[in-house]
Amino acid sequence: MKRTAVLLSASVILLAGAASLVAEGKSESGKPVTITIAASQNWIKDIDREIAEDFKSETGITIDYQVNPDDQYLQILKTKLNTGEAPDVFMWAAGLEMLQLPLDKLLDLSNEPWAAREKEWAKATTTFDGKLLALNTWSIDGWGFVYNDQIFDRYNLEPPRTYDELLNVCEVLASNGIIQIYEIPIDLWHTQLFLDEIAAQAHERIPDLYEKLNTNQMKFADVEEFRLALEQIKELAAKGYFGETYMSDTWTRATEALGTGKYAMFLGYTSWQMEVLRDYPDSGAEGFKMFPSPIGAIGETTVFGTSAGGVVQMAVKDGDHVEAVRQWFNYKTRPDVLNKFYSMRDDLGNPSFPEVEKRPTVGLSSMTDMVNGNFQPDGSTGILFWDMMSNGAEVQSVLVGAITPEEALANIDANRARTAKAAGIKGF
């Protein structure tokens, strides 16, 4: 017993020593600690880098952001995870999209001091097999048509509730020299969002839709809303309602498109208008309103599809700097740091921690009114193996005439089946 006690005492001393070194920003070897964080190119903002510098000043620990192209990030991340070369922390979408990652390699965060304060929706969409596997400092949101209310008022237009009404709005705008919709198929993740959103409407019509898709009792090809959405996206492009340059337009030009009044509508999230206002202060963007996308809807839209909570941070459980990562997560979730972060992120409207309060944008309040508060999970939240980039590539192929909408849906079904089989999901 005495020998065991000595060993335990020695272990405690070693752990205390290691913790002391981390607190000083050093590894056990005495060298400065650097935490590597992998992310897709649009996820790291100036405020993230500023907070990282604050953290370094306070702890001596350096944050090294490793930014990757949107269309390559997931594959790069999965390769690094599977080869044991993973970064200390990496960012990815919350909810079912986390199932694309090897969850057994992730650090269990359930007992971290900040976990009890995190809002329930944030924990629910990052918890698997009873383990909290990610930190969420994003917000729950969805994608709908943001429209320039001044242009709509000028031509006595009402937000459309059906696809035919959307066509009528586009025709009026076209006759007055206003480009109708800014769309960006080159950014593969974006155009597929029309499918992501209409999934919530389809789920309203077929209440067990997500369950049937997730057990292979139904396929994407069986969902009329998906087929209609692809046909209508192609029709809108053919009519010129996306403008002449839509195949080369990009996300980074979206605020210019609506901020200058050149375009009237864009598929954005409920706080995106604040990004327009930041870039174009005289645009009146603070008054921009929203309506749910009717593309693919059978009849009127009655639902706003919401996400699983945006982009979250995960850590590898066998990483070299686990204790430093814990310190980083503790720092990021301090109320003063959270308030600093959210105050500079106008694109995040519903914070994941209760200490932060933000007023809803006009976009969110108008969307709430349009659907009478009927918010439901969107496709990527409710449907297993929703692959944004792969789905986006299929939509792009439809737009260029390489495949039909039916072929695109068959390809999506085949891709999901391959992924589900590899994951051992029954029924596929």
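Readers should treat all values here as calculations from the given coordinates under stated rules, not as data from a laboratory. Predicted model, so just to flag it, every value in this text is computed and none were measured. Here the Cβ is made from the backbone with ideal geometry for all residues, glycine too, and neighbour counts use every protein chain on show.
As an exercise, identify the trypsin sites (Lys or Arg not before Pro) in segment 321-428 lying in DSSP coil whose Cβ has no more than 14 other Cβ atoms within 10 Å.
Lys426
Using a 10 Å Cβ count of at most 11 others and DSSP loop calls, identify the longest part of the chain lacking such GluC sites (Glu not before Pro).
86-243
When only alpha-carbon atoms are used, what values of Rg and Dmax, in angstrom, describe segment 152-196?
Rg then Dmax for segment 152-196, in Å: 12.5, 34.
In nm, give the distance between the simple-model label positions of Ser110 and Thr162, each being 7 Å from the Cα along the Cα-to-Cβ direction.
Going by the 7 Å Cα→Cβ label model, 5.1 nm.
What are the semi-axes of the equivalent ellipsoid for segment 266-407, taken as the square roots of 5 times the Cα gyration tensor eigenvalues, largest first, in whole Å?
For segment 266-407, the semi-axes come out at 31, 25, 15 Å.
Mind jotting down the distance between the C-alpha centroids of segment 400-421 and segment 274-346, whole Å?
If you average the Cα positions of each part, the centres end up 30 Å apart.
Once you've got the GNM for the chain with C-alpha springs shorter than 10 Å, pick whichever of Gly177, Gly392, Gly373 has the biggest mean-square fluctuation.
Looking only at Gly177, Gly392, Gly373, the biggest GNM fluctuation is shown by Gly177.
Calculate the FRET efficiency for Ala238 and Ala422 from the Cβ-Cβ distance with a Förster distance of 35 Å, rounded to the nearest 0.05.
Plugging the Cβ-Cβ distance into 1/(1 + (r/R0)^6) gives 0.40.
Dipole size in debye (nearest 20) for the chain around its Cα centre, Lys and Arg Cβ +1, Asp and Glu Cβ -1? Walk me through the numbers before you get to the answer.
Working: 38 positive and 62 negative charges, 314 e Å.
In total the dipole reaches around 1500 debye.
Is there a quick way to get the dipole size of segment 88-202? I mean about its Cα centre, with the Cβ of Lys and Arg at +1 and of Asp and Glu at -1; what is the value in debye to the nearest 20?
My answer is approximately 260 debye.
Using Cβ contacts closer than 10 Å as the measure, can you line up Thr404, Thr361 from fewest to most?
Values: Thr404 15, Thr361 25.
Listing Thr404, Thr361 from fewest to most nearby Cβ atoms yields Thr404, Thr361.
Please compute the length gained on full extension between Glu406 and Asn330, using 0.36 nm multiplied by the number of residues separating them and subtracting their Cα-Cα distance. Show your work: numbers first, answer last.
Details: separation 76, 0.36 × 76 = 27.36 nm, distance 4.83 nm.
This chain segment gains 22.5 nm when fully extended.
So I have (i) 24.0, 82; (ii) 21.9, 66; (iii) 23.3, 90, and one of them is Rg and Dmax of the Cα atoms in Å calculated from this model. Which one is it?
The value computed from this structure is option (iii).
Just grab the label-to-label distance for Asp320 and Lys119, each label 7 Å out from Cα along the Cβ direction, in nm (one decimal).
Distance between the two pseudo-spin positions: 3.7 nm.
Tell me, Thr333, Thr59, Thr301 in order of fewest to most beta-carbon neighbours within 10 Å?
By the 10 Å Cβ count, ascending: Thr59, Thr333, Thr301.
On a 0 to 90° scale, report how tilted helix 388-399 is relative to the longest principal axis of the chain, with both axes built from alpha carbons and the result rounded to the nearest 10.
The answer is roughly 20 degrees.
Taking the Cβ of each residue in Ser380, Ser283, Ser110, Ser293 as the centre, tally the other Cβ atoms inside 10 Å and list the residues starting with the fewest.
Ser110, Ser283, Ser380, Ser293
Could you give the angle, 0 to 90 degrees to the nearest 10, between helix 46-59's Cα long axis and the longest principal axis of the Cα atoms of the chain?
10
Exactly which chymotrypsin sites (Phe, Trp or Tyr not before Pro) in segment 188-220 are in a DSSP loop and have at most 11 other Cβ atoms within 10 Å?
Within segment 188-220, no chymotrypsin sites (Phe, Trp or Tyr not before Pro) qualify (loop, at most 11 other Cβ atoms within 10 Å).
Straight-line reach from Lys421: which lysines have Cα under 23 Å away, leaving out those fewer than 8 places along the same chain?
List returned: Lys78, Lys80, Lys105, Lys212, Lys219.
Under 5 Å between amide H atoms, partner at least 5 residues away or on a different chain: which partners does Gln66 have, H built in plane at 1.01 Å?
Under 5 Å from the amide H of Gln66: Ile37, Ala38, Ala39.
Under a point-charge model restricted to the Cβ atoms of Lys and Arg (+1) and Asp and Glu (-1), what is the dipole moment magnitude of segment 128-260 relative to its Cα centre, in debye to the nearest 20?
200
So if each residue of separation counts as 0.36 nm, and I subtract the Cα-Cα distance between Lys340 and Phe375, what length gain in nm does that give?
9.8 nm
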